[in-house]
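Notes follow once the structure below has been shown.
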Amino acid sequence: MQLPGAEFGAFRWGYTVDPPLPGLTAKPLITRDLLPLGSPAAMDLLYALDDRAQANTLDPGAIAPLARLFGADTIFVSNDMAFERFRTPRPELTNAVFAARPRGLAEPTPFGQPVANMPVLEMLDETALADARVGQPVPPVQLVSVGDPTAMVRAASRVVVVSGSGDGIVDSAAAGLVEGSEAIIYAADLRSGDRIEDADLVIATDSNRDRAHQWRGTQDVVGFTETGGPGTDVLQPDTADQRLPVFADDAVSHQTTAAVDGLQVRATSYGEPFAYRPEDRAAMAVDGDPATAWLVADRFNPIGQRIEVTGDLATLSLLQSQQPGASRMISAVRLDFDNAAGQAVELGNASLNGAGQPIDVPAGATFVGITITAVADRPDATDPGPSAVGFAELGLGSHEEVVTLPTDTAAVAATTPLAIVLTRLRTDPLNRWRSDPEPRIIREFTTGADRDFAAQLTLRLDGRASDDVLNQLAGTVTAVSNRRLTGDPQSTAVHAIDGDAATAWTSPFSNIVGSTLMIPLDSSIPLSSLVITQPVDQRHSTISRVDIGIGGVTTAVDVSPPDGLGRSTVNFPAATGSVLTLTIEDVVARTTVDRRYAETTVLPVAIQEIE
């Protein structure tokens, strides 16, 4: 089994177009291809595993059990891929996964002299700046043996019934419920004479989601969870949506579905045209959280895009998305109600802040369609391209989106062992173009009898948590910043005052001006100068002007070019106070080309030390 898979043969040593491994090995091989070239259930399981490897969200504990299920005794790891060409995983991160010896896997056997896998054009992104493993030598190829492998054709004495799809098996393997030697039967495949009570274990999962699937690449391949049944929940047909029918009978009882409590919310589209970003779905405009939003037409024309709501419309207030540095805003919409004539509305500054711009709702209206008719540039833009637009809130209150598990195992008797496996959909925190599709996990499921469950939780540090939250987790009260390098908990403000030049506070890409550090002071000691140490390299922009605030007095100060050690001395009128506020007002920009949109993007600044 090749993991991560590769659809094309793009290597540091050459481009073979098709992957060469099938022609080099005499052993049966399973790997990712452009399209699912096998039985639907097997391909669904393979892509469930590999999609997570591609997105850096795979739990390594699932690898060995899945290899056994496929009858694979060896994992083939190709670290010599030209990973930037098709945005496949960085080899250093994959190498680290297998070097850590996940459960059930042997020590990797390397082939070839370890070398640094360096792109032809330097690929500077959050991962490259935040992860010290990037750029380290790795073996070109590794083979990893699977412990206790199974034959491709085999008999099993233990039967496990899974309600869900391949994603559910991957999650169950990560939870230690599946080892790969069992006979696994999907609940959707049970025949009329099968007795689910005879299973050694029944696992109910929140997989087999009713959602879109595209096959254009390895990234952003699945859409948001829909309400179930035939058709789709988007108002505008999407020809890229080619869902893989895993089961002959894909009734709603076999699907995981989602519905917004008290409302029906749909939109023509969401995210960007050539990728699925379920975190931008229409439901995010009615969840009561201004930090989430229905977003549409990223790097595309949003005119004509529409969101529709059916339900209680006693109030309506349009608050636009709160993306920092967005380059566009909606300037006009058309409103269509079920009981009144349509009306054109211009959106102004009131729609950008607070509770949004209030809208008069006709009495008794239970439906509204909001169509974007005009957009305008925003003067404070830092996004290098045409940003997505949309609404963070529609002023309809807070409506939870509830995800409901399949009901095909709801009648399992109390005497049959039952496990419930729930997984929050998430993304790589260092991927600034994505965010977690599920900020919270809200599930509903039914069991056929009262049961006592033992809970097993997997907790992960949120790389995008605020500086203040991360300080609390560390048990300290210290410096904080209003923003930092996206997804990197090692770029917080405390790293600018820790006395270690090897660490640093780092700003986001592009959205640099306005970044602020707040540092506690001894209010009894006057302060009139600072020494700021910045990296001396080509991977960061350089700070050239700051605002210094102490005791309510703010002074704008030019920052001289760093010396050979990266140090600049900043002088200002002496002041006392309990907090020093340092705000970046201007930079000497260095740029890189972003690999997602091929846009020129300003590199972050970093402060290694403030003395």
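Could you please find all residues in region 346-365 being within 23 Å of GLY288 (Cβ to Cβ), open to solvent by 20 Å² or more (accessible area, probe 1.4 Å), free of Cβ contacts under 8 Å to residues at least 40 places away in the same chain and among the hydrophobic types (A, V, I, L, M, F, W, C)?
ALA350, LEU352, listed by residue number.
This table checks each residue for (1) among the hydrophobic types (A, V, I, L, M, F, W, C); (2) touching a residue at least 60 places away in the same chain (Cβ under 8 Å).
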position	(1), (2)
ASP450	no, no
PHE453	yes, no
THR458	no, yes
ASP462	no, no
SER481	no, no
THR486	no, yes
GLN490	no, yes
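Taking region 109-122 as the region of interest, how many residues are open to solvent by 30 Å² or more (accessible area, probe 1.4 Å) and outside any strand (DSSP E or B)?
The initial filter retains those residues of region 109-122 that are open to solvent by 30 Å² or more (accessible area, probe 1.4 Å), namely 109-116, 118, 120-122.
The next check asks that each one be outside any strand (DSSP E or B); those that pass are 112-114, 116, 118, 120-122.
Residues in region 109-122 being open to solvent by 30 Å² or more (accessible area, probe 1.4 Å) and outside any strand (DSSP E or B): 8 in total.
For the subset of region 1-58 comprising residues that are assigned to a loop (DSSP other than H, G, I, E, B) and of a type in the set (Lys, Arg), which member is surrounded by the most Cβ atoms within 10 Å (Cβ to Cβ)? Reasoning before the result, please.
Applying the first criterion (assigned to a loop (DSSP other than H, G, I, E, B)) to region 1-58 yields 1, 3-8, 12-13, 18-20, 25-39, 56-58.
Still in the list and also of a type in the set (Lys, Arg): 12, 27, 32.
Values: ARG12: 17, LYS27: 8, ARG32: 23.
Applying the filter and picking the extreme gives ARG32.
Could you give me the residue pairs with C-beta distances under 6 Å whose first residue belongs to region 241-254 and is within 13 Å of ASP44 (Cα to Cα) and small (Gly, Ala, Ser), whose second residue is assigned to a loop (DSSP other than H, G, I, E, B) and open to solvent by less than 70 Å² (accessible area, probe 1.4 Å) wherever it lies, and which are 6+ apart or on separate chains?
No pair meets every condition.
Looking at ASN301 and the list (1) modelled with pLDDT of 95 or more; (2) touching a Gly at 6+ places or on another chain (Cβ under 6 Å); (3) part of a loop (DSSP other than H, G, I, E, B), which single condition is not satisfied?
Of everything listed in (1) modelled with pLDDT of 95 or more; (2) touching a Gly at 6+ places or on another chain (Cβ under 6 Å); (3) part of a loop (DSSP other than H, G, I, E, B), ASN301 misses just condition (2).
Check region 79-88 and report whether any residue there is out of contact with any Gly (no Cβ under 7 Å at 6 or more places or on another chain) and under 28 Å from ALA175 (Cβ atoms).
The answer is yes; a qualifying residue exists.
Under 6 Å between Cβ atoms, which residue pairs at least 6 apart in sequence (or on different chains) link something in region 165-190 that is free of Cβ contacts under 8 Å to residues at least 60 places away in the same chain with a partner that is open to solvent by 10 Å² or more (accessible area, probe 1.4 Å)?
GLU182/ALA156; GLU182/ARG158; ALA183/ALA156; ALA183/VAL159
Listed residues ASP383, ASP336; which is acidic (Asp, Glu) and assigned to a loop (DSSP other than H, G, I, E, B)?
ASP383
Taking GLY217 as the residue in question, decide whether it is open to solvent by 20 Å² or more (accessible area, probe 1.4 Å), of a type in the set (Gly, Ala, Ser), outside any helix (DSSP H, G or I) and out of contact with any strand residue (DSSP E or B) (no Cβ under 7 Å at 6 or more places or on another chain).
no
May I ask you to list the residues in region 150-205 that are of a type outside the set (A, V, I, L, M, F, W, C), in contact with a Phe, Trp or Tyr (Cβ under 8 Å, 6 or more places away or on another chain) and buried (at least 24 other Cβ atoms within 10 Å of the Cβ)?
SER163, GLY164, SER165, GLY166 - these are the residues of region 150-205 that are of a type outside the set (A, V, I, L, M, F, W, C), in contact with a Phe, Trp or Tyr (Cβ under 8 Å, 6 or more places away or on another chain) and buried (at least 24 other Cβ atoms within 10 Å of the Cβ).
In region 285-294, is there at least one residue being in a strand (DSSP E or B) and modelled with pLDDT of 95 or more? Write out each step before concluding.
Taking region 285-294 first, the residues in a strand (DSSP E or B) are 294.
Going one step further and asking which of them are modelled with pLDDT of 95 or more, we end up with 294.
The answer is yes; a qualifying residue exists.
For ASP194, only one of the following conditions fails: (1) outside any loop (DSSP other than H, G, I, E, B); (2) acidic (Asp, Glu); (3) at pLDDT below 95. What is its number?
(1)
Does region 439-490 hold any residues that are part of a loop (DSSP other than H, G, I, E, B), aliphatic (A, V, I, L, M) and open to solvent by 80 Å² or more (accessible area, probe 1.4 Å), and which are they? Break it down into steps so the answer makes sense when it comes.
Just the residues of region 439-490 that are part of a loop (DSSP other than H, G, I, E, B), to begin with: 439-442, 445-466, 475-479, 482-488.
Next cut, aliphatic (A, V, I, L, M) only: 441-442, 449, 454-455, 457, 459, 461, 465, 477, 479, 485.
Of everything in region 439-490, those that are part of a loop (DSSP other than H, G, I, E, B), aliphatic (A, V, I, L, M) and open to solvent by 80 Å² or more (accessible area, probe 1.4 Å) turn out to be ILE441, ALA454, ALA455, LEU457, LEU459, LEU461, VAL477.
Could you run through region 294-305 and say how many residues are open to solvent by less than 10 Å² (accessible area, probe 1.4 Å) and aliphatic (A, V, I, L, M)?
Looking only at that region, the number is 2.
Restricting to region 536-564, and then to whatever is surrounded by 20 or more Cβ atoms within 10 Å (Cβ to Cβ) and in a loop (DSSP other than H, G, I, E, B), can you tell me which residue is farthest from the chain's Cα centre (by Cα)?
VAL559
Need pairs with beta-carbon distance below 6 Å; first residue touching a residue at least 60 places away in the same chain (Cβ under 8 Å) and within region 108-137, second part of a helix (DSSP H, G or I); sequence gap 6+ or separate chains.
As it stands, the answer is ASN117/PRO91; MET123/GLU84, since those pairs meet every condition given.
Scan VAL265, VAL309, VAL286 and give me the residue that is touching a residue at least 40 places away in the same chain (Cβ under 8 Å), within 22 Å of ALA355 (Cβ to Cβ) and open to solvent by 20 Å² or more (accessible area, probe 1.4 Å).
VAL265
Restricting attention to region 386-438, which residues are modelled with pLDDT of 95 or more, farther than 21 Å from ARG460 by Cα, charged (D, E, K, R) and crowded, with 20+ Cβ neighbours inside 10 Å?
GLU393, GLU401
Any chance region 366-373 includes a residue that's of a type outside the set (D, E, K, R), out of contact with any strand residue (DSSP E or B) (no Cβ under 9 Å at 6 or more places or on another chain), part of a loop (DSSP other than H, G, I, E, B) and surrounded by 12 or more Cβ atoms within 10 Å (Cβ to Cβ)?
Looking through region 366-373, none of the residues is of a type outside the set (D, E, K, R), out of contact with any strand residue (DSSP E or B) (no Cβ under 9 Å at 6 or more places or on another chain), part of a loop (DSSP other than H, G, I, E, B) and surrounded by 12 or more Cβ atoms within 10 Å (Cβ to Cβ).
The values are calculated or read from the model by the stated rules, or taken from the named source; none is laboratory data. Just so it is clear, the structure is predicted and the values come from calculations on it, not from any experiment. Cβ atoms come from the backbone with ideal geometry, glycine included; neighbour counts cover every protein chain shown. Areas reflect the complete protein model, heavy atoms only, side chains present, ligands, DNA and RNA absent. Shrake-Rupley method; radii C 1.70, N 1.55, O 1.52, S 1.80 Å.
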